[in-house]
1. Sorting Ile369, Ile349, Ile378 on the 10 Å Cβ count, fewest up front, what's the list?
2. For region 359-454, which trypsin sites (Lys or Arg not before Pro) pass both filters: DSSP loop (anything but H, G, I, E, B) and at most 15 other C-beta atoms within 10 Å?
3. Can you list residues whose amide H is under 5 Å from Tyr152's amide H, if they're 5+ apart or on another chain and H is modeled 1.01 Å from N?
4. In the chain, which cysteines lack any other cysteine Cβ under 4.7 Å from their own?
5. Which residue, chosen from Val327, Thr423, Thr12, occupies the Cα position most advanced towards the positive end of the dipole of the chain, where the dipole is computed from +1 (Lys, Arg) and -1 (Asp, Glu) charges on Cβ about the Cα centre?
6. Sort Arg216, Arg473 by Cβ crowding within 10 Å, fewest neighbours at the top.
7. Karplus couplings for region 275-281 from phi (6.51 cos²θ - 1.76 cosθ + 1.60, θ = phi - 60°), rounded to Hz, Gly and Pro as x?
8. Determine the sum of side-chain charges near Ile32: Lys and Arg each +1, Asp and Glu each -1, restricted to other residues whose C-beta is under 13 angstrom from that of Ile32.
Amino acid sequence: MEQIESALQFLTYLFVFAIGLGVLAIPVMFLIDITQTKHAVRRNYPVVGRFRYFFEEMGEFFRQYFFAMDREELPFNRAERSWVYRASKGVDTTVAFGSTRDLRPTGTPLFVNSPYPSLGTDTAEPRKVRVGPYCRHPYETDSVFGISGMSYGAISKPAVLALSRGAAKAGIWMNTGEGGLSRYHLDGGADIVFQIGTAKYGVRNDDGSLNDDKLREVAAHESVRMFEIKLSQGAKPGKGGILPGGKVTPEISKIRGIPEGSDSISPNRHPEIKSAGDLLDMVHRVREVTGKPTGFKAVIGAEAWLDEVFTEIHRHGIEHAPDFITVDSAEGGTGAAPQSLIDFMGLPIRESLPLLVDKLDEYQLRERIRVISSGKLINPSGVALALCAGADFVVSARGFMFALGCIQALQCNKNTCPTGITTHNRRLQRGLNIRDKARRVAQYANTMHKEIGTIAHSCGVDDPRELRRRHCRVVTESGKSVPLDIIYPRRTPKAVETI
């Protein structure tokens, strides 16, 4: 009893002491505020003006809960995030009473239902697709949806482990991002796409050039199934990856081959790729060294350079073509990018994806080169729309971040992520339970495949990859919807001998 009384007395003294410090601090803050010249609000309203900065900081966290409507928040609104959360938890994804989605805005997609959907099934199953017919080790998968590039470093160790294990459970691939291959990527046994960024982390010489021996070491892992040469990404086309020095731990330093604690800033392009011929030479070199399918990732801003690349393919020979092209859009995300690029650079996926597919058709390369679509596609409708436009596969990064528990706190670049996904702070990482999150990653991917199949079934096709532009209409400025194949008609193929 005496011990309890002593503890209570100590807490009372501590409380009084804290109040005393606070009272003493007020005049000190008043003097600081009224004499400083950097902040007008604090100078005019000493002490009280400090709350303005506090509320501004906390607004990012609370806006989505108290003020934003279900369909108005960016980059992802509550309705979009809620579907991912429910899908990843394995709970009911149905809704009641009617859609809250406004069907009137220009650009709204509407899928065309068939009066005769497949009988006796609610979903359509995807067929297997082979990538890399001229490789020693082609890749074959029936998955439509995969995990887009997120580097170890940009995301945390438990996040990578959960993604790796979840991807393996769902039978989908996982892209390493440009930060190199870690043992955490390999942990779950998932299929891996190794991304070669402009800094060539993990496969570089000291001068930043490509190292063939290191390429062979990576390719020796059976689970590494494809290689992706990153030219640019949607959030910052024309600028290389950025990883603040605070995130470059000793382990990440070793994986990437850069000094510990230094900012990891990739070049804005591959120094050795300055033409269409150089690009094809790099693709061919990586494919020959590794024996595995090799393609490139790029943002589409104009079509002239695609003409150059596809013309060059016919000059080199069809076997020199990239095995796939990943098209990223202006809607792409990242942990850090200049706002001038993230807001204004590159074409959105609804324009760039049909453009790429049509160019491939025009140059008779569509069957040779697979198309992967990326950029803000986290719900079944977005993925199905990309399939209608001509994609073979769709990949997402932020969708899987939501599956891991991301709350869109917009702290990715500050090492203060409250969910432990994009931070190396051990205390914050502790909240990310790897086993539970791996299960959610798998459930998200499985539910995504199921509901893409539901859309395909409703459109009257037996395979999601059979979705065509005629299966989707888009609302125009007049308020009337128009079929996607009218907005983006397929181009007449060129005669090969004239290319």
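1. Going from sparsest to densest Cβ surroundings: Ile369, Ile378, Ile349.
2. Lys414, Arg430
3. Gly179
4. Here Cys135, Cys406, Cys412, Cys417, Cys459 come out as lacking a disulfide-compatible partner, given the Cβ-Cβ threshold of under 4.7 Å.
5. It is Thr12.
6. So the ranking, lowest neighbour count to highest, is Arg216, Arg473.
7. Values, residue by residue: 7, 4, x, 4, 4, 5, 5 Hz.
8. Local net charge: +3.
Readers should treat all values here as calculations from the given coordinates under stated rules, not as data from a laboratory. What you see is a predicted model, and the numbers here were worked out from it, not measured in a lab. Here the Cβ is made from the backbone with ideal geometry for all residues, glycine too, and neighbour counts use every protein chain on show.
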